[in-house]
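Visitor: Can you read through this structure? Questions will come right after.
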Amino acid sequence: MADPTRKALTVFRILRHYWRHFRHFPHYWIPLLVLTPIGAFLNNFAISYIIAGVIDRLSQGRIPLADVWNVFGQDIILLVACTVLGELVVWRLLIWLLWRLEAMMVERLYADCFDHLSGQPQVFFSDRFVGSLVSTVNKFTNSYITFVDTVVFSVLPLLTAIVVTIAVLAPVAPLYAAGVAVVSTLFIAISIVTYRPLSRLVNDEAEAHTAISGRLADVLSNILVVKSFAREVTERRGFGDQVGEHRTATLRLMSGHIRRDIGFGIALTGLVTVTLLAILVGQASGLSVGTLIVMLTFSMSLFGQLWNVTQVTRSYNRVIGDATPMVELFEVTSTINDPDRPEHPRIAAGNIRFRDLTFTYPGAHAQLFSGMSLDIPAGQRVGLVGASGSGKTSITRLLLRFFDVDSGAVLIDGQDIRDITQQALRSRIAFVPQEPLLFHRSIAENIRYGRPGATDDEVTAAAQRAQVMEFVEDLPDGLATLVGERGVKLSGGQRQRVAIARAIVSDAPILVLDEATSALDSLSEARIQVALEQAMQGRTTIAIAHRLSTLQSMSRLIVLDHGRVVEDGPHDALIVEGGVYADMWGRQSGGFVTN
């Protein structure tokens, strides 16, 4: 697709996305479209027209003081009325409408971005910087403000200036009015055409700015690694290179604008000169002083608005540059979708069945699972065992529907998980990942995240069962203590205990533990195991652990190797068999599998 066509399509998509919400607020934007030209006319032209009429009468002779009000009273009243109506009424109302409209539109655009991004599968975020995504969202919402402000403060006043100037001057100076129409049209057309070469520079600058946000977020989110390896200077150099690329892109854009603006400055200088000559010719032709003043003031106001065309095109390209990345993300459809007509979830007991699964990770060449089947009865506690890459975590990801199977099905209580919404599915599975993920909120809020309707007593009970209260009692704010971004104020073991408490309070029929005790010391793990034993009562549990001793008490162990179930049974029976699991157990050192 050619660049102009691609750009036109992008502009259409941007405007279409704005219009989706904009059309719901006609009580704001229709008055804006009406009031903006009125305000521009009252402030820029009406007053000049009134003053020109006063000067016309003054040029006819001296007015005695006693007759001033009789002669100019109406002009004075009109002047005050235009000033008050234009500046204090119309423009204040216009600003109020504009702010209200922008506030509600930005709210909706943010909601759109959040809904779209949060609806993407996990792999979507694995391929992108979170910092860049945040920057993309902010620039998209700000692009709307730039777009509307440009329309209200530049485009509509320019159109008003052209229409008023031509309408007023056509009866007294028709040739000049025709010239104004032709010149204005050509000036706008040339402005748009000559700005096209700068659009690439605008996009380069926008991309460089987004890259800065991504790099900064990446460094700050891994600041512990940076400091641990004393890489501040290295990262500073890398960040400096990124900022330098942005500076270079910005200066290139500036140079392009300056070259273009110099050309338009020369053109406008010529127009002003021609206007002055036209006024002198008009004076020689017998036009009144007031008419000449109207020609001069209206023309100068119009030329000022025409000069703003360069700013309009600059803002227009800024809008495209800022909005395009998010619009492109809107075109990315989720690979994990809810059914059009989801069934009512029937998950209660927690009977899990993997039936003839075939699955390949996106971008991988080899299948992980090929015709794999596995049944887990309701209430059974199952441990998944195997080397890295054997498929342990993949089973839990498919169960949670972070990925969809290529063929086969995952059934819970006989219901295909693809027939219900993802939210309904995951609300019935309590998940404790290997890396405890916490929000920068209080400990209580992080625990209650498992079930927002949980009472304070239920949160406290879950905290006690997960041994959270053991360290919370030493904190000045107790459960109200903020944990910092990603829980940085807590130790790894403390974060894991909060995550376990969150799973306990969820009261889901299925519990998934992915190395849930990996960050705990032996004493804490022993305490947590007691809590987990209580949490697992009456619930179907799938647990993953490299430390086999933590799975020893599970009612069933499933040994995986390259996506295949090679052994299945309780710990004691598998030891007696002397197979893969027995070999792994025999090579343990301190509870971990060793090579």
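The values are calculated or read from the model by the stated rules, or taken from the named source; none is laboratory data. No experiment lies behind these values; they were computed from the predicted model shown. All Cβ positions, glycine included, derive from the backbone under ideal geometry; neighbour counts span all protein chains shown. Surface accessibility is based on the protein's heavy atoms, side chains included, excluding ligands, DNA and RNA. Shrake-Rupley method; radii C 1.70, N 1.55, O 1.52, S 1.80 Å.
Visitor: So what J values fall out for the stretch 329-344 if you push phi through Karplus, 6.51 cos²θ - 1.76 cosθ + 1.60 with θ = phi - 60°, rounded to Hz, Gly and Pro as x?
Guide: 5, 4, 7, 7, 8, 5, 7, 10, 10, 6, x, 4, 10, x, 6, 6
Visitor: A follow-up question, please. Keeping all protein chains in place, calculate the accessible area per residue for the stretch 112-223 (probe 1.4 angstrom), answer in Å². Present the calculation step by step, with values, prior to reporting the outcome.
Guide: Working: 5340 Å² over 112 residues.
I get 48 Å² per residue for this part.
Visitor: Skip the ligands, DNA and RNA, and give the accessible area per residue of the stretch 349-397 with a 1.4 Å probe, whole Å². Walk me through the numbers before you get to the answer.
Guide: Values: 2070 Å² over 49 residues.
Per-residue accessible area for the stretch 349-397 comes out at 42 Å².
Visitor: Ok, one more. How much of the accessible area of the chain, in percent, comes from carbon and sulfur atoms when a 1.4 Å probe is used? Intermediate values should be presented prior to the final figure.
Guide: Numbers: 18060 of 30100 Å².
The C+S portion of the solvent-accessible surface of the chain is 60 percent.
Visitor: Also: Give the Rg (one decimal place) followed by the Dmax (whole number) of the stretch 402-482, computed from C-alpha coordinates and expressed in Å.
Guide: Over the stretch 402-482's Cα set, Rg and Dmax evaluate to 16.7, 53 Å.
Visitor: Take every DSSP beta bridge whose two residues both sit in the chain, then give the antiparallel share in percent to the nearest 5. The partial results should precede the final answer.
Guide: Details: 22 of 39 bridges.
Restricted to the chain, the bridges split so that about 55 percent are antiparallel.
Visitor: What nm value, rounded to one decimal, do you get for the distance between R247 and Y110 when each label is placed 7 Å out toward the C-beta?
Guide: Roughly 3.3 nm, to one decimal.
Visitor: In addition: Report the equivalent ellipsoid semi-axes for the stretch 279-409 in whole Å, largest first, defined as the square roots of five times the eigenvalues of the gyration tensor built from alpha carbon atoms. Display every interim value, and only then the final one.
Guide: Numbers: eigenvalues 1111, 59, 25 Å².
Computed over the stretch 279-409, the values are 75, 17, 11 Å.
Visitor: Got a number for the accessible area of H344? Probe 1.4 Å, square angstrom, nearest 10.
Guide: Answer for H344: close to 140 Å² accessible.
Visitor: I need the P(r) histogram for the stretch 434-546: all alpha carbon pairs, bin width 10 Å from 0 out to the longest distance, whole percents.
Guide: Over the stretch 434-546, the share of Cα pairs per 10 Å bin runs 15, 52, 30, 3 percent.
Visitor: While we're looking at this one, here's another question. Determine ³J(HN,Hα), in whole Hz, for all residues of the stretch 482-497 in sequence, where each value follows from phi through the Karplus function 6.51 cos²θ - 1.76 cosθ + 1.60 and θ = phi - 60°; x replaces Gly and Pro.
Guide: Going residue by residue, I get 6, 8, x, 4, 6, x, 5, 6, 9, 6, x, x, 5, 4, 5, 5 Hz, with x marking Gly and Pro.
Visitor: What number do you get for the stretch 74-176 when its Cα radius of gyration is normalised by 2.2 N^0.38 Å, N = residues?
Guide: Normalised Cα radius of gyration, the stretch 74-176: 1.75.
Visitor: Shifting gears a bit: From the convex hull of the Cα coordinates of the chain, what is the mean projected area in square nanometres? Mind dumping the intermediate values first?
Guide: Details: hull surface 154.9 nm².
For the chain, averaging the hull's shadow over all directions gives 38.7 nm².
Visitor: OK, next. Please work out the FRET efficiency for the pair I336 and V576, using the Cβ-Cβ distance as r and a Förster radius of 25 Å; give the result to the nearest 0.05.
Guide: On the way: r = 42 Å, r/R0 = 1.67.
According to the calculation, E is roughly 0.05.
Visitor: With each pseudo-label sitting 7 Å past Cα toward Cβ, what's the I190-L220 distance in nm, one decimal?
Guide: For I190 paired with L220, the spin-label model returns 4.6 nm.
Visitor: Could I ask something else about it? So how do D127, D514, D406, D149 rank on accessible area, 1.4 Å probe, biggest first, that is with the largest at the start? The partial results should precede the final answer.
Guide: On the way: D127 120, D514 10, D406 90, D149 50 Å².
In descending accessible area the options line up as D127, D406, D149, D514.
Visitor: Okay, moving on. Pull up all non-local amide H partners of D561: gap of 5 or more, or a different chain, and H-to-H distance under 5 Å with H placed in the peptide plane.
Guide: Close amide H contacts, sequence-distant or interchain: V566.
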